[in-house]
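FYI, it's all coordinate maths here, none of it is from the lab. Just so it is clear, the structure is predicted and the values come from calculations on it, not from any experiment. No Cβ is skipped: glycine too gets one built from the backbone with ideal geometry, and neighbour counts run over all protein chains shown.
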Amino acid sequence: VQLQASGGGLVQAGESLGLSCAASGFLFSNFAMGWYRQPPGKQREWVATITSVSSTGYLDSVKGRFTISRDNAKNTVYLQMNSLKPEDTAVYYCNAVKSDGIQYWGEGTQVTVSS
C-alpha cells in the first residue's frame, strides 16, 4: 500500500497550490479519501474528505478556498488550495479510510505560505 503526496511548495499569501496523492496497493474506489495537515508545533488536523460516492466535507477555515476531488481511474485524490494564508502553512498528509476501519496514511508534503 502506498499513498504518495506531491505538489507542496512555497507560495505567497493569496496564491494557489494544488496537491495530489497517488494511491496504489488497495481498491481506491472503495475508500473515502482525506487530507490532513500538521502546522508547525501543533497537532495534526483534518482538512477535507471525499467519500467513495464523492460527497465532500471541509474544515470551516478552508471552506470556499479549498476543493477536494478524486479520479478513480487514476487512483488519485487532489486538493486545490486557493487564496492561501500563512496559517495554512503545514505538512499535508493524505489518508484513505474504509467503513470497516481499515486506514492508510501517506507521507506528507510541505506547504509554506509566506505573508
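Please enumerate, by chain and number, the lysines with C-alpha under 22 Å from the C-alpha of residue 98, excluding those fewer than 8 residues away in the same chain.
74
Could you work out the percent of alpha carbon pairs in the range 38-115 separated by over 16 Å, rounded to a whole number? Mind dumping the intermediate values first?
Details: 1635 of 3003 pairs.
It works out to 54 percent of all Cα pairs.
Give, rounded to the nearest 20 debye, the magnitude of the charge dipole that the chain has about its Cα centre when Lys and Arg contribute +1 at Cβ and Asp and Glu contribute -1 at Cβ. Walk me through the numbers on the way to the answer.
Values: 9 positive and 8 negative charges, 14 e Å.
Value, rounded to 20: 60 debye.
Can you tell me what share of the DSSP beta bridges in the chain is antiparallel? A percent to the nearest 5 is fine.
On the way: 38 of 43 bridges.
Approximately 90 percent, going by the DSSP bridge assignments.
Across the range 19-36, in residue order, what do the Karplus-derived ³J(HN,Hα) couplings come to in whole Hz, using 6.51 cos²θ - 1.76 cosθ + 1.60 with θ = phi - 60° and x for Gly and Pro?
Calculated HN-Hα couplings, in order: 9, 10, 9, 8, 10, 7, x, 8, 7, 3, 5, 8, 10, 6, 10, x, 10, 10 Hz.
Applying the Karplus parametrisation 6.51 cos²θ - 1.76 cosθ + 1.60 with θ = phi - 60° to the phi angles of the range 50-62, what ³J(HN,Hα) value in whole Hz is obtained for each residue in order, glycine and proline being reported as x?
Along the range 50-62, the couplings run 10, 7, 5, 10, 6, 6, 10, x, 9, 4, 3, 6, 10 Hz.
So how far apart, in nm, are the two label points at residue 1 and residue 51 if each is 7 Å from Cα heading toward Cβ?
Going from the residue 1 label point to the residue 51 one covers 2.1 nm.
Suppose a student asked you for the relative contact order of the chain, using Cα pairs under 8 Å spaced at least 6 residues apart; what percent would you report?
Values: 280 pairs, mean separation 40.9, N = 115.
So the answer I get is 36 percent.
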